[in-house]
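Q: Below: one structure in structure tokens.
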């Protein structure tokens with residue numbers, strides 16, 4: 001107590017120094033608290049989806065010569081690679097793929113809207129339910145361009161449409177393309193990101209929404225999709241990792257035969273509670289890599 005009183009007297013003798021010292025400590029504590037909060041939200045928080053413990057992320061890495069185009073990181077996958085994993089896996093009950101972006105929203109008077117372009121099984125794999133209308137099914141999104149539909153996030157529905165319950169069936173415009181609103185997601189559903197997008201649209205509408213990139217969905221060596229799966233009951237991360245790694249190696253052998261660059265694809269499967277890898281947390285710049293990766 002004597003030491004405390006002495007220190008207090010010294011501080012009161014120098015109010016300017018005391019103010020600066022207290023302010024510096026407050027700023028330091030506040031900055032550290034904010035940083036921890038952001039890291040918790042980005043890295044450690046479990047996904048707010050049905051049974052999040054069984055939801056996993058799949059990332060790729062390459063050893064040997066690799067000549068790929070990539071947006072968002074080489075750990076993402078191409079659409080043909082996604083289809084290969086999805087159709088051959090026995091350890092996952094479902095595997096979805098998606099890409100996010102920013103688009104013009106509206107027809108005459110436009111604004112910007114964030115949208116996730118996702119595969120037809122996106123909502124079913126995540127166990128999502130609608131607050132209004134319905135969510136799309138895999139069957140109606142299997143044909144490129146066949147289903148020009150959109151699902152609004154709950155927050156966007158309230159901000160943009162004032163919570164109008166008559167929004168289902170309304171036509172909206174994304175990148176000047178007309179889409180029909182079929183539903184509104186439940187409150188709190190944000191998909192696999194920290195913040196919900198404004199709306200979700202089928203991935204196979206990509207050619208219509210971004211017509212200047214017509215080959216993106218067919219390019220075998222273009223990394224741009226993030227993929228998320230759900231483990232079957234009783235299946236471990238190690239079992240899924242081994243199976244998907246074997247599928248990747250078999251695809252590498254096929255690629256060598258068909259003339260694609262020789263490489264060794266490695267697959268990492270992690271619980272979706274730790275979705276954001278360092279690559280995902282960097283800016284989504286586009287680049288081309290042609291190198292031998294050790």
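Q: When the Cα centres of segment 195-245 and segment 60-138 are compared, how far apart do they sit, in Å?
A: Segment 195-245 and segment 60-138 have Cα centres spaced 4 Å from each other.
Q: What is the spin-label model distance, in nm, from residue 10 to residue 87 if the labels are put 7 Å beyond Cα along the C-beta direction?
A: Distance between label points: 7.5 nm.
Q: Which order do 126, 237 fall in if you start with the one that has the fewest other Cβ atoms within 10 Å?
A: 237, 126
Q: Something else about it: For residue 124 and residue 63, FRET efficiency with R0 = 25 Å and r from the beta-carbon atoms, rounded to 0.05?
A: Between residue 63 and residue 124 the formula returns 0.15.
Q: Under a point spin-label approximation (7 Å from Cα along Cα-to-Cβ), what is the residue 232-residue 1 distance to one decimal in nm?
A: Here the answer is 7.1 nm between the modelled labels.
Q: Now for a separate question. Quick check: residue separation of residue 139 and residue 195 times 0.36 nm, minus the Cα distance between them. What number comes out in nm?
A: Here the answer is 17.4 nm.
Q: Can I ask one more? In nanometres, what is the gap between the two model label sites at residue 239 and residue 71, each 7 Å from Cα along Cα-to-Cβ?
A: If labels sit at residue 239 and residue 71, their model points lie 3.7 nm apart.
Q: Which of rounded, prolate or oblate describes segment 51-294 when judged by the alpha-carbon gyration tensor and an a/c cut-off of 1.5?
A: Here segment 51-294 falls in the prolate category.
Q: What ranking do 22, 194, 267 get, fewest neighbouring Cβ atoms within 10 angstrom at the top?
A: 22, 194, 267
Q: Please report, in whole Å³, the volume per residue of the convex hull around the C-alpha atoms of segment 101-205.
A: Dividing the Cα hull volume of segment 101-205 by its residues yields 90 Å³.
Q: Where a ≥ b ≥ c are the square roots of the eigenvalues of the C-alpha gyration tensor, would you call segment 127-272 rounded, which needs a/c under 1.5, or, failing that, prolate if a/b is larger than b/c, or oblate?
A: Note, shape of segment 127-272 comes out oblate.
Every number in this text was worked out from the coordinates using simple rules, so none of it is lab data. On a predicted model such as this, the values are computed, not experimentally measured, just so you know. Don't worry about glycine lacking a Cβ; one is built from the backbone with ideal geometry, like all the others, and counts go over all protein chains shown.
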